[in-house]
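Report on one structure; see the data block that follows.
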Amino acid sequence: MEKKKVKVGFFSLTCCEGCEFAVLDLEEKLLKAFDYLEIVESRVLMEKIKPAAVKLDIAFVEGSVISKHDLDKLNYIREKTDFLVALGSCAAIAGINGIRNSLPEGIQERMRQKAITPVKEKAYPLSSFVKVDYILNGCSVNELEFLDFLNKVLHGVIPKLEEVPVCFECKLKGNACLLLKGILCLGPVTYAGCGALCPSQNAQCIGCRGFTKDANFDSLDNLFKEMKQSKKERFNLFTYFNPLPKELSVLKEEK
Ligand code: SF4
Ligand code: SF4
Ligand code: SF4
């Protein structure tokens with residue numbers, strides 16, 4: 001008897017669609033997974049989409065909620081899906097879209113007025129509106145982590161999310177710490193899972209996988225101050241992918 005395939009959909013809210021393309025980059029490895037998956041909806045993977053009335057086993061949703069259209073689409077997806085995955089940092093933490101959330105209110109208002117379609121007052125992650133069953137964070141999503149998730153889920157296991165910071169993986173790789181070279185890095189306050197991708201290539205971590213639960217922002221910001229970094233530099237780095245942590249709201253006031 002033929003094995004029942006898992007029905008999967010890929011959806012994009014407001015974003016660059018880079019996460020879906022990152023999945024596509026898996027090429028042959030993804031083709032192998034198609035033996036077990038039935039792709040029901042995907043603007044990137046399918047030639048023609050017929051919005052399916054069928055129930056989905058898994059929906060991967062990239063992008064943030066910025067407009068009513070995004071919200072209606074998200075509610076529609078949630079209704080017909082058993083297991084909803086936030087794909088990438090736009091979906092998980094508002095990511096790049098969330099940059100505007102930390103801008104001065106006057107600029108935010110001007111952006112809203114110039115928008116082509118009516119937009120919400122802020123950019124929101126999916127979990128602000130619907131139940132999210134799992135998060136695959138990162139900008140873009142890590143292809144190997146995606147594949148590992150798929151592999152485990154197809155075997156009936158939900159993988160555990162990483163709870164250690166990027167520094168942990170950075171140390172495992174034997175990298176020299178960028179902070180010692182005078183380069184700012186958000187590795188100590190950012191969730192691991194990317195294999196310390198940026199520091200391993202001598203580039204600072206800018207927090208794309210979201211801030212850890214127990215992050216010590218004060219301590220890191222004090223270190224940045226000792227490194228003679230301006231408020232603007234520190235503010236921009238801390239708010240690149242994440243809302244400004246409460247502890248650092250003083251940074252906003254002083255800007
Ligand atoms: S997380 Fe990054 S790559 Fe993915 S959709 Fe958002 S901006 Fe694009
Ligand atoms: S380079 Fe960044 S991620 Fe690596 S140990 Fe230093 S602070 Fe942590
Ligand atoms: S090192 Fe930081 S910015 Fe780079 S991929 Fe990992 S979490 Fe994202």
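I need the full set of residues from the range 6-44 which are closer than 19 Å to Leu126 by Cα and in contact with a helix residue (DSSP H, G or I) (Cβ under 6 Å, 6 or more places away or on another chain), in order please.
Within the range 6-44, Phe10, Phe11, Leu13, Thr14, Cys15 qualify.
Identify, from the list Ala203, Ala176, the residue that is among the hydrophobic types (A, V, I, L, M, F, W, C) and under 24 Å from the mean Cα position of the chain (by Cα).
Numbers: Ala176 fails: under 24 Å from the mean Cα position of the chain (by Cα).
When all the criteria are applied, what remains is Ala203.
If I filter the range 162-189 down to residues being over 19 Å from Lys225 (Cβ atoms) and among the β-branched types (Val, Ile, Thr), which single residue comes out as farthest from ligand 3 (Cβ to nearest atom)?
If we filter the range 162-189 for residues that are over 19 Å from Lys225 (Cβ atoms), which is where we start, we get 162-176.
Next, from what is left, pick out any that are among the β-branched types (Val, Ile, Thr): 164, 166.
Details: Val164: 12, Val166: 5 Å.
The qualifying residue farthest from ligand 3 (Cβ to nearest atom) is Val164.
Exactly one condition in (1) aromatic (Phe, Trp, Tyr); (2) free of Cβ contacts under 8 Å to residues at least 12 places away in the same chain; (3) surrounded by 15 or more Cβ atoms within 10 Å (Cβ to Cβ) is false for Phe83; which is it?
Of the numbered conditions (1) aromatic (Phe, Trp, Tyr); (2) free of Cβ contacts under 8 Å to residues at least 12 places away in the same chain; (3) surrounded by 15 or more Cβ atoms within 10 Å (Cβ to Cβ), the odd one out for Phe83 is (2).
Which pairs have Cβ atoms under 7 Å, sit 6 or more apart or on different chains, and link a residue in the range 137-162 that is on the phi > 0 side of the Ramachandran plot to one that is assigned to a helix (DSSP H, G or I)?
The qualifying pairs are Gly138/Ser89.
For the range 135-188, how many residues meet the condition of being away from ligand 2 (no atom under 16 Å from the Cβ) and in contact with a Cys (Cβ under 6 Å, 6 or more places away or on another chain)?
The number of residues fulfilling the criteria is 3.
Among the residues of the range 9-25, is there at least one that is over 18 Å from Val65 (Cβ atoms) and of a type in the set (Asp, Glu)?
For the range 9-25, residues over 18 Å from Val65 (Cβ atoms) and of a type in the set (Asp, Glu): present.
So, in the range 93-109, exactly how many residues are touching a residue at least 60 places away in the same chain (Cβ under 8 Å), open to solvent by 10 Å² or more (accessible area, probe 1.4 Å) and of a type in the set (A, V, I, L, M)?
Residues flagged as touching a residue at least 60 places away in the same chain (Cβ under 8 Å), open to solvent by 10 Å² or more (accessible area, probe 1.4 Å) and of a type in the set (A, V, I, L, M) within the range 93-109 amount to 3.
Please go through the range 19-30 and give me each residue that is open to solvent by 10 Å² or more (accessible area, probe 1.4 Å) and in contact with a strand residue (DSSP E or B) (Cβ under 8 Å, 6 or more places away or on another chain), ordered by number.
If the condition is that a residue be open to solvent by 10 Å² or more (accessible area, probe 1.4 Å) and in contact with a strand residue (DSSP E or B) (Cβ under 8 Å, 6 or more places away or on another chain), then Cys19 is the only one that fits.
What is the one condition in (1) surrounded by 16 or more Cβ atoms within 10 Å (Cβ to Cβ); (2) part of a helix (DSSP H, G or I) that Gln113 does not satisfy?
(1)
Look at the range 218-239 and say how many of its residues are open to solvent by 20 Å² or more (accessible area, probe 1.4 Å) and either under 20 Å from Glu163 (Cα atoms) or touching a Leu at 6+ places or on another chain (Cβ under 8 Å) (or both). Working first, answer last.
The initial filter retains those residues of the range 218-239 that are open to solvent by 20 Å² or more (accessible area, probe 1.4 Å), namely 218-219, 222-223, 225-233, 236.
Add one more test, that the residue is either under 20 Å from Glu163 (Cα atoms) or touching a Leu at 6+ places or on another chain (Cβ under 8 Å) (or both), and what stays is 218-219, 223, 227, 229, 231, 233.
So the count comes out to 7.
Quick one: count up the residues across the range 63-80 that are in contact (Cβ under 8 Å) with a residue 24 or more places away in the chain and either over 22 Å from Leu244 (Cα atoms) or out of contact with any strand residue (DSSP E or B) (no Cβ under 9 Å at 6 or more places or on another chain) (or both).
At the first step, the residues of the range 63-80 found to be in contact (Cβ under 8 Å) with a residue 24 or more places away in the chain are 63-71, 73-75, 77-78, 80.
Pick out the ones that are also either over 22 Å from Leu244 (Cα atoms) or out of contact with any strand residue (DSSP E or B) (no Cβ under 9 Å at 6 or more places or on another chain) (or both) and you get 67-71, 73-75, 77-78, 80.
Residues that pass the stated criteria total 11.
The values are calculated or read from the model by the stated rules, or taken from the named source; none is laboratory data. Please read these numbers as outputs of a predicted model, since none were measured by experiment. No Cβ is skipped: glycine too gets one built from the backbone with ideal geometry, and neighbour counts run over all protein chains shown. These accessible areas exclude ligands, DNA and RNA; they are computed on the full protein's heavy atoms, side chains included. Shrake-Rupley method; radii C 1.70, N 1.55, O 1.52, S 1.80 Å.
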